[in-house]
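A.B. asks: Below is one structure. I have some questions about it.
The values are calculated or read from the model by the stated rules, or taken from the named source; none is laboratory data. Remember, it's a predicted structure, so these values are computed and weren't measured experimentally. Here the Cβ is made from the backbone with ideal geometry for all residues, glycine too, and neighbour counts use every protein chain on show. Each accessible area value is taken on the protein alone, full model and side chains, heavy atoms only, with ligands, DNA and RNA left out. Shrake-Rupley method; radii C 1.70, N 1.55, O 1.52, S 1.80 Å.
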Amino acid sequence: DHEAARWHFRLDGTGYQAECDGHRWTVTAGAPPLPADVTITGTTESLAVLIFAGSDAGLEITGEPAATARFRQLIGTMAAVVEPS
């Protein structure tokens, strides 16, 4: 997927911004300086369950429907490239 995106994660009370310019993803600590396409609030454990088991229980995922659908599709592909620790 080569489209720009900006996601704001609030995991375990800490904010992170994941941003893609269409070619490369970067992750930084803190809230995004610009509005995020999708905001994900929950725990790191809940995010891992979404990635590896497909369940979003314990997560609040907000944003425009197309942006949240894209997030779910892209985050679902992470299980193929990341091994749980």
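A.B. asks: At 1.4 Å probe size, with the rest of the protein present, what percent of the exposed accessible area of the chain is carbon and sulfur atoms?
C.D. replies: Of the solvent-accessible surface of the chain, carbon and sulfur hold 55 percent.
A.B. asks: For the chain, modelled as a GNM with alpha-carbon contacts under 10 angstrom, which of Thr41, Thr62, Thr28 fluctuates the most?
C.D. replies: Thr28
A.B. asks: Under unit Cβ charges (Lys, Arg +1; Asp, Glu -1), what dipole magnitude, rounded to 20 debye, does the chain have relative to its Cα centre?
C.D. replies: 40 debye
A.B. asks: Any chance you could list the semi-axes, whole Å, largest first, of the equivalent ellipsoid that the Cα gyration tensor gives for the chain, using √(5λ)? Could the numbers behind the result be given before it?
C.D. replies: Values: eigenvalues 64, 48, 34 Å².
Semi-axis lengths for the chain are 18, 15, 13 Å.
A.B. asks: Give me the Kirkwood hydrodynamic radius of the stretch 1-40, using the inverse of the mean 1/r over all pairs of distinct Cα atoms, in Å to one decimal.
C.D. replies: Mean inverse Cα-Cα distance, inverted, gives 10.1 Å.
A.B. asks: Another question about this same structure. Among Leu11, Leu50, Leu74, which one shows the highest mean-square fluctuation when the chain is modelled as a Gaussian network with alpha-carbon springs under 10 Å?
C.D. replies: In this elastic network of the chain, the residue with the biggest mean-square fluctuation among Leu11, Leu50, Leu74 is Leu74.
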